[in-house]
Amino acid sequence: MPTTTLQPLTQLFPPRQVVTDPVALITYEIDAGFDRGRPDGVFFPQSTAEVSQVMCWASEQRIPLIARGAGTGLSGGAVPEHGGLVIEFARMNRVLDFDPAGRSAVVEPGVVNLALDALVKEAGLYYPPDPSSGRSSTIGGNVGENAGGPHCFKYGVTTNYVTGLEVVLAGGEVVKLGGRALDYPEYDFAGALVGSEGTLGVVTQVDVRLIRNPPGVKTMMAAFASVEQAGHAVSAVIAAGLMPATLEMMDQKIMRMIEAYAAPGLPVDAEAGLIVEVDGHPTGLDSQMEEVADILTQYGAFDLRIAQSEEERQRIWYGRKSAAGAMSRLAPTFYLVDVTAPRSRLAPMLAAVDEVCHRYDLRAGHVFHAGDGNLHPLILCDARNPELMDRVFRACDEIVTLCLQMGGSITGEHGVGIEKRKYMPAMYTGAELAAMLDLKALFDPHGLLNPGKIFPDDLPAPQRAAPALPTGDTFAPANAEGAAAGLVALAQVGKRVRIGSSAGVLGADVQLITANLGGVLEYAQNDLYITVGAGMTVAEMQRYLSQHNMQAPLAAPWPDATVGGLAAANLNAPLRMRYGALRDVVIAATVALADGRVIRAGRNVVKNVAGYDLPKLFVGSHGTLGLVTDVTLKLIPQARASRTLAIPLTQLAQGLAWAGELMPRLLATAGLILAPGELVAPGPQAPYYLLATVEGAPDDVAAELAELHAALASLGAPAAIELESPTCTQVWASFIAGAGEDALLVRAGVPPKTLPPFMAQAAPAARDGRWLIDAGNGFAYAAIATADATEAASWLAALREPALAAGGYAIALQTPVTLRGRIDPWGYRPAALHLMRGLKARWDPAGILNPGGFVV
């Protein structure tokens, strides 16, 4: 591109914001990987409006755009391979809002990861995603790559902490996806954009949720006689249902390199070293670590050393994070491979990688996140030696192939970028890749956003099922292929389909039931996941898991609710404040699209950033995008102890004020609600109770309960009662199920900090309603028995107006039969409604799935 093409920018913006000098551009040719590409210019925006202005201009001129953070990526994701304009976010680095009580923040993309974490820790909170580059990498870059880090085994990755995004689309349009409230009635495009490597939109603001900073931490280093032995030990810890904060492994080669470089005191005579960290309340750390140590010892661990001071702990971590510096002393550079294998296959995968490196005569070592199976072989190399680099890249090809053969992913946290795109057809089918490209075409129709990334030029053609028209007005497929064949045939004849008991669906010709799509398809306790047919009830699945002392962290109010139906509705219980929402628990799903394609969205590993996060789009889609035929869920151990505090209330406002004071203190709390008294205790009771359910290890539960008792006493609250049952989630389920079929049941979702003023407006206006407030998640549930459409509409308006004004929404979870079609159950227009309709038109082109069943 001629430099003169960018001259209009130099007239629109000051010289300090537009760089075209060839020497200055050299910095932006590379990231931290091996790929290179020369930009035509670099733009430093200072606001969303400036980003929009530049992107509108670039769209008109058909100029490629590449968003860039700190350039710490390793897959070429920010490399301008095809030239164009780099949008560098170094000057959009403000924390726009920080709400400690609501445990959330709004930040610009240029905020440095570690700076955000340091800021929130001053208020006793924690932003868990911690990539190794956290001292310099930015939140925008972390969002682009869905960054992880050592602590993601317990706490999850970036997508688990992003609730909303402000995004500029390729043509310059600014849209808000999600927000500071939870579970907006819209497709989860925010979830899909996390990890999309800047190929779908340019992020200008990020809404993040936070958790309490664990007040105590304990770190241990254990030695092993072999890497394989250490791998088996890690699998055993996970299979036992233990959840350390980190499980990091290094082999002897790496430890000796680090010891020579930084002298942190690693067990260099051992073949492998394992860093184990546990966190939580200080009183529970010793018992946690002792249990882990017992298992490690059973699997051959020796020289177990627990850090006795913060200085000693930091020395261990300094050693772990010095691997890159240590490697640079021994070779001009190194190649860091990023793949994920099932955790139960760690030992054979490590042995196979060692064999490959030996066969190619490569010096390499292992340093990686063992807890989630994210392997990082480090291979010493010299980019000036073509023959050596050829061996390195051929070895990488074999390592990736091995990982896929074991059911893993081509990338766990570094992204696809340029480096891994050639492997995408080996990991995904033509139908799955085509579904991702549908999303790309919708968001970026001219292919201007980070062109060439993720997808290779040559892709397999998508396969489609041959039409097979079901007979009658009921369709009960037995598998995904049969479902796709039936749906494409129904689409051809224009018959509309209602899936399951989807509410609000009007005028359907065929009822699709999932009764033949049930059962446990795969249970992998060592890898902490289960795959079940979408028609299996939640109750059946939880009974199965309880036999193994495990659980899926979700709940349904109704005994006949199915796993697929719950995911489609995205109905989340109070326990989500501790364990995450359905969008975080669902890691993969098989889906039959109405155009005949069958796709496997996601994979059965907890870290997978290869391509777009399609499972997010089906959670909460109300069956309008496709039929989910099976679901893979993350598992957690059953809580070893559980207690619920109950504080009697005479006024909801007082309970909300106390709940706001408690929120920043909650670590092991799996629910904080205000509920009607009759749902809590038999006999005489207060009108309402503030409930807090604390669960986990017994020591942690006891410590948190003591903190809550003390905090409530300091607030002047009445003495709290401790109950073994019900839990907050059980009370929530009773409220919803007990509303009755004739009740209009509404859920309002607002940013947590706006919950008290919302209730101050809504409660008097909707005075005939019965309330349950999920204070931990910003939800207010209300139920009223009415068959009058005018009364129902007026009552709904009293909830919707303050909810919308607060940046939230109010939807009808249940509408009486007499009111269906007479009131609007949604009352919300997503900013991305045109994108929702565009995606539905691609995946359900005839519009047959659940007509009228969602805002789309």
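The values are calculated or read from the model by the stated rules, or taken from the named source; none is laboratory data. The structure presented is a predicted model; accordingly, all values stated were derived computationally and were not measured. Counting neighbours? That spans all protein chains shown, and the Cβs are built from the backbone with ideal geometry, glycine included. Heavy atoms of the whole protein, side chains included, go into the accessibility calculation; ligands, DNA and RNA do not. Shrake-Rupley method; radii C 1.70, N 1.55, O 1.52, S 1.80 Å.
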Next on the checklist: Multiplying the sequence separation of Arg256 and Met389 by 0.36 nm and subtracting their Cα-Cα distance, what value in nm do you get?
Outcome noted: 45.5 nm
Checklist entry - What is the local net charge at Thr204, summed over the other residues whose Cβ is closer than 15 Å to its Cβ (Lys, Arg +1; Asp, Glu -1)? => result -3
Item to check | Cα lying deepest toward the dipole's positive end in the stretch 373-526, options Gly373, Pro425, Gly472, charges on Cβ | outcome: Gly472
Checklist entry - Using alpha carbon centroids, what distance separates the stretch 474-495 and the stretch 242-261, in Å? => result 52
Item to check | Above-threshold pairs, the threshold being 29 Å between Cα atoms, out of Lys176/Lys422; Lys453/Lys495; Lys176/Lys321; Lys253/Lys453; Lys154/Lys753 | outcome: Lys176/Lys422; Lys453/Lys495; Lys176/Lys321; Lys253/Lys453
Checklist entry - Given only helices, namely DSSP H runs of n ≥ 4 each adding -39500 (n - 2.57), what is the per-residue ellipticity at 222 nm of the chain, to the nearest 500 deg cm²/dmol? => result -9500 deg cm²/dmol
Next on the checklist: Using the basic label-point model (7 angstrom from Cα toward the beta carbon), what is the Val268 to Lys121 distance in nanometres?
Outcome noted: 2.9
Item to check | Cβ-based net charge around Ala324, under 14 Å, with every Lys or Arg adding one and every Asp or Glu removing one | outcome: +3
Checklist entry - Percent of accessible area on the stretch 233-372 owned by carbon and sulfur, 1.4 Å probe? => result 49
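Kindly provide the GluC sites (Glu not before Pro) of the stretch 705-740 that DSSP labels as loop, not H, G, I, E or B, and whose Cβ sees at most 13 other Cβ atoms within 10 Å.
Qualifying residues, ordered by number: Glu724.
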Checklist entry - Given 0.36 nm per residue, what is the gain on full extension from Ala737 to Ala787 after removing their alpha carbon distance, in nm? => result 16.1 nm
Checklist entry - Where the centre of each part is set by its Cα atoms, how far does the stretch 725-763 sit from the stretch 381-409, in angstrom? => result 53
Checklist entry - Quick one: what Rg and Dmax do you get for the chain from the alpha carbons, in Å? => result 26.7, 82
Item to check | Cβ-based charge dipole, the stretch 3-119, positive-most Cα from Gln11, Ala90, Val51 | outcome: Gln11
Checklist outcome for this item: Taking a ≥ b ≥ c as the square roots of the eigenvalues of the Cα gyration tensor, with a/c under 1.5 meaning rounded and otherwise prolate when a/b exceeds b/c and oblate if not, the stretch 208-261 is oblate
Item to check | Signed unit charges on C-beta, dipole axis of the stretch 98-206, positive-most listed residue Tyr187, Gly144, Ala115 | outcome: Ala115
Checklist entry - Which of the trypsin sites (Lys or Arg not before Pro) across the stretch 715-790 are loop residues per DSSP, with 11 or fewer other Cβ within 10 Å? => result Arg767
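Provide the FRET efficiency to the nearest 0.05 for the Arg305-Val520 pair, computing r from the beta carbons and using R0 = 45 Å.
The calculated FRET efficiency here is 0.65.
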Next on the checklist: Leaving out ligands and nucleic acids, and using a 1.4 Å probe, what accessible area per residue does the chain come to in Å²?
Outcome noted: 35
Checklist outcome for this item: Once both label points are put 7 Å beyond Cα along the C-beta direction, the Ala49-Thr27 separation in nm becomes 2.7
Item to check | Nearest-20 debye value, the stretch 46-181 charge dipole, Cβ charges on Lys, Arg, Asp, Glu | outcome: 220
Checklist outcome for this item: The alpha-carbon center of the stretch 46-119 and that of the stretch 794-810 are separated, in whole Å, by 33
Checklist outcome for this item: For the stretch 704-856, the dipole about the Cα centre with charges only on Cβ (Lys and Arg +1, Asp and Glu -1), to the nearest 20 debye, works out at 760
Next on the checklist: What does the charge count around Ala641 come to, taking other residues whose C-beta lies under 11 Å from its C-beta (Lys +1, Arg +1, Asp -1, Glu -1)?
Outcome noted: -3
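Report, in debye and to the nearest 20, how large the dipole of the chain comes out about its Cα centre when Lys and Arg carry +1 and Asp and Glu carry -1 on their Cβ.
My answer is approximately 1120 debye.
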Item to check | Within the stretch 138-181: backbone nitrogen closer than 16 Å to the Leu114 label point (7 Å, Cα to C-beta) | outcome: 138-139, 142, 149-151
Checklist entry - Classify the stretch 308-391: rounded, prolate or oblate, from the alpha-carbon gyration tensor (a ≥ b ≥ c, eigenvalue square roots; a/c under 1.5 rounded; otherwise prolate if a/b is larger than b/c)? => result oblate
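Contour minus end-to-end for Glu678 and Arg829, with contour as 0.36 nm per residue of separation and end-to-end as the Cα-Cα distance? If you can, show how the numbers build up before the last one.
On the way: separation 151, 0.36 × 151 = 54.36 nm, distance 3.62 nm.
Here the segment from Glu678 to Arg829 would lengthen by 50.7 nm.
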Next on the checklist: Quick check on the stretch 140-197: take the gyration tensor over C-alpha atoms, sort the square-rooted eigenvalues as a ≥ b ≥ c, and tell me if it's rounded (a/c under 1.5), prolate or oblate.
Outcome noted: oblate
